[in-house]
Amino acid sequence: MTIFCAKRFLIRHLNMQLPLCSKALVMIIVVGQISEEEGLRIHHLYPEGEPHLEETDSRIKGRPDLCLLATRAGDEVQLEGSLKAMVEFDCDRCLKVLSLPIDQTFDLVYIPPLKPSGAHDEKELGNDDLSVGFYQGQAIDLDDVVREQVELALPMSRLCKEDCLGLCQQCGADLNEGACQCDGRESDPRWEALKELKFDN
């Protein structure tokens, strides 16, 4: 089965039950409705700026393009696909707005939450388990998949350039554009009140 979804309302207003649906503006896959024989192909073009990222200094610009194939073996679901998006974020030093194109491929495995057989049972995770995600309520949130892929693609150090000079701590001027008019000496705020005092000679 193949579903092309250019706008979420195309899915939300269909009077039929589909494995991909929009609920409260969240894109989800219903696990039980993924065909074990054919799988499920999805091409979804998100609305402008969605989904919203959890980090306040990063935001999606434009319309992310998500393509994936969902396959299922029992309760285990595999998502193979790609994400194309444009992300904006602020330079960590000078706060300049930067844009980064993202073209990310992924191969993810999801299973239901582990159920221990006893109250004191513990299961040590192996190396293969560390790449496995868990889904709740028999559904996988595709918005979370997009957010995760965006976060993985963003650099750890978000700078406009490696030698960015940042902002002047006194006047806030961008030092990359030239020296500011400050004398370069930082004043101690505890002494600011003394500057207002006037002494009689």
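Quick notes on this structure:
- Restricting E162, E151, E122, E177 to residues that are surrounded by 10 or more Cβ atoms within 10 Å (Cβ to Cβ) and modelled with pLDDT under 95 narrows the list to E151.
- Given (1) assigned to a strand (DSSP E or B); (2) modelled with pLDDT under 95; (3) surrounded by 15 or more Cβ atoms within 10 Å (Cβ to Cβ), number of the condition R93 does not satisfy: (1)
The values are calculated or read from the model by the stated rules, or taken from the named source; none is laboratory data. Since we're looking at a predicted model, the values are computed, not measured. No Cβ is skipped: glycine too gets one built from the backbone with ideal geometry, and neighbour counts run over all protein chains shown.
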